[in-house]
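The values are calculated or read from the model by the stated rules, or taken from the named source; none is laboratory data. These figures come from a predicted structure and were not determined experimentally. Reconstructed Cβ throughout: ideal geometry from the backbone, glycine too, with neighbour counts over all protein chains shown. To get the accessible areas, we keep the full protein, side chains included, count just its heavy atoms, and leave off ligands, DNA and RNA. Shrake-Rupley method; radii C 1.70, N 1.55, O 1.52, S 1.80 Å.
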Amino acid sequence: MSFQVTVKDGYSAARRGVLTTPHGKINTPIFMPVGTRGAVKAMSPEELEELGAEIILGNTYHLFLRPGMEIIRKAGGLHRFSGWEKPILTDSGGFQVFSLAQLRKLKPDGVEFSSHIDGSRFFLGPKESMQIQRDLGSDIVMAFDECTPYPCSHQDAAKSLEITTRWETVCRDEPLNEDQQLFAIVQGSVYQDLREQSAKSLVELDFPGYAIGGLSVGEPEDQMYECLDWTVPHLPETKPRYLMGAGLPRQIVEAVARGVDMFDCVIPTRLARHGSAFLNNGETIPVKAGRFADDFSPIDEACGCRVCRKFSRAYIRHLVQVGEILGLRLLTYHNLYYFINLMKEIREAITAGEFSKLRERFK
RNA sequence: GGUGGGGUUCCCGAGCGGUCAAAGGGGGCAGACUGUAAAUCUGCUGCGGUAGCUUCGGUGGUUCAAAUCCACCCCCCACCA
């Protein structure tokens, strides 16, 4: 058993756990920084380690296109290629079915993509995705799904789910490296019957972990929570649960309360590159704004990160303003610190029986 | 002192009789961003609620109409003495 629930919250479905992978253990609930193209944008592996990142993401679609699998195979896998020695989770390309919707055609056995780089056509299906992720050598492999857009009619969602379910069965039957764990992805858009149907059929196939996909794609927040309420109870207690693509601090806390163990989101890194920083209360401030030009206080007085101990809003605002890369790097560092630290707080709160109190802070 | 080139909305800068409240940058302001086609993208940026009003160094003038033409004046820059 590679996942172990260690503490359960008495007042919600929140729980602590430890997930064991070939490249180390992961403490859940956890936030996983997104490193789509083999790097968490603007961060080095050393910095990620310093931040306390325990696992990062990589992306099948993007790494397959560049540098391509021949290079990755020659390099000896993504870990060796990138110098990140801790666990890696790779997304299957299913999100690109959604985000690059204009550049692809759905086929029964997968997706015909037109590369967003040069337009060249290539095929990515469940089989291909598994083969690529096997070569990437990630610790956690995601099933190839179709991330449904929002809004999506019941009819379309049902049709999409049927395809996704079929694909996921193919994924399960495709051989991976011995120690790789394949996570299934529940879809079904915002419909209770579909979400339940999806969860149940995937649980029957018995995967090492379960993800909830197709959320945080523009639906109202309450609807996202509702979907979790419909889905999570149908997932096995003993397996890790991963809410894909989420979220804002508040959303993470709410999902933890509903029993989710794993999160990833580009928000901290992207907002950083767009000049915004997270504050202790989960809100953001646009550090790049002129009003911070002479604000010599740190981004957040309450933050203990290296950036907040040393640099002022004014300096960071200046760097961003003149286009110095360092500005984006410092903001990325701070934002990731905030997310990683929030998860640590959540874990400690669960152990201390004070998760409800923490949850109140974000309401 | 002479010759030539200039002074445009917060800044730079285009415009050179009407279609100009004035291109384009910069800056400023506001917003978006959730398994990354994103160090990106969108909108606003003279005043006013529309009608309209006040702007293009200053003052006068020509014209139905001027940032654009003319006269004088004030500044700036380059070269020559």
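In the range A:199-210, the condition of being of a type in the set (Gly, Ala, Ser), at pLDDT 95 or above and farther than 24 Å from A:Glu54 by Cβ is met by at least one residue.
Test A:Arg359 against the criterion of being among the basic types (Lys, Arg) and either within 16 Å of RNA strand B (Cβ to nearest atom) or under 29 Å from A:Lys8 (Cβ atoms) (or both), and give yes or no. Taking the combined requirement at face value, the residue satisfies it. Cβ separations smaller than 7 Å between residues 6+ apart or across chains give the following pairs from the range A:76-92 residues that are within 21 Å of A:Glu50 (Cβ to Cβ) and open to solvent by less than 10 Å² (accessible area, probe 1.4 Å) to residues that are away from RNA strand B (no atom under 12 Å from the Cβ) and polar (S, T, N, Q): A:Pro87/A:Thr21.
Look at A:Pro149 and say whether it is closer than 24 Å to A:Val186 by Cα, open to solvent by 10 Å² or more (accessible area, probe 1.4 Å) and within 14 Å of RNA strand B (Cβ to nearest atom). Answer is yes for this residue.
For the residues A:Thr6, A:Thr36, A:Thr28, the requirement of being touching a Gly at 6+ places or on another chain (Cβ under 9 Å) and surrounded by fewer than 16 Cβ atoms within 10 Å (Cβ to Cβ) singles out A:Thr6.
In the range A:124-145, the qualifying residues are those that are assigned to a loop (DSSP other than H, G, I, E, B) and out of contact with any Phe, Trp or Tyr (no Cβ under 7 Å at 6 or more places or on another chain), and the one that is surrounded by the fewest Cβ atoms within 10 Å (Cβ to Cβ) is A:Asp139. A:Leu78 falls short on exactly one of the conditions (1) farther than 30 Å from A:Ala257 by Cα; (2) away from RNA strand B (no atom under 14 Å from the Cβ), and that condition is (2).
Quick one: is A:Gly259 crowded, with 19+ Cβ neighbours inside 10 Å, more than 13 Å from RNA strand B (Cβ to nearest atom), on the phi > 0 side of the Ramachandran plot and touching a residue at least 40 places away in the same chain (Cβ under 8 Å)? For A:Gly259, the condition - crowded, with 19+ Cβ neighbours inside 10 Å, more than 13 Å from RNA strand B (Cβ to nearest atom), on the phi > 0 side of the Ramachandran plot and touching a residue at least 40 places away in the same chain (Cβ under 8 Å) - is met. Scanning the range A:93-123 for residues that are hydroxyl-bearing (Ser, Thr, Tyr) and open to solvent by 10 Å² or more (accessible area, probe 1.4 Å), we see that the one that is farthest from RNA strand B (Cβ to nearest atom) is A:Ser120. Remark: A:Arg291 falls outside the filter, which requires a residue to be more than 24 Å from the chain's Cα centre (by Cα) and more than 16 Å from RNA strand B (Cβ to nearest atom). Among the residues making up the range A:231-243, those that are assigned to a helix (DSSP H, G or I) and surrounded by fewer than 19 Cβ atoms within 10 Å (Cβ to Cβ) are A:Pro233, A:His234.
Of all residues in the range A:283-316, those being more than 23 Å from A:Gly52 (Cβ to Cβ) and surrounded by fewer than 16 Cβ atoms within 10 Å (Cβ to Cβ) number 9. Kindly indicate whether A:Ala272 is away from RNA strand B (no atom under 12 Å from the Cβ), buried (at least 18 other Cβ atoms within 10 Å of the Cβ) and aliphatic (A, V, I, L, M). No; evaluated as a whole, the condition is false for this residue.
Going by the structure shown, is A:Arg250 within 12 Å of RNA strand B (Cβ to nearest atom), more than 15 Å from the chain's Cα centre (by Cα) and surrounded by 16 or more Cβ atoms within 10 Å (Cβ to Cβ)?
Considered against the rule, which asks whether it is within 12 Å of RNA strand B (Cβ to nearest atom), more than 15 Å from the chain's Cα centre (by Cα) and surrounded by 16 or more Cβ atoms within 10 Å (Cβ to Cβ), A:Arg250 comes out as yes.
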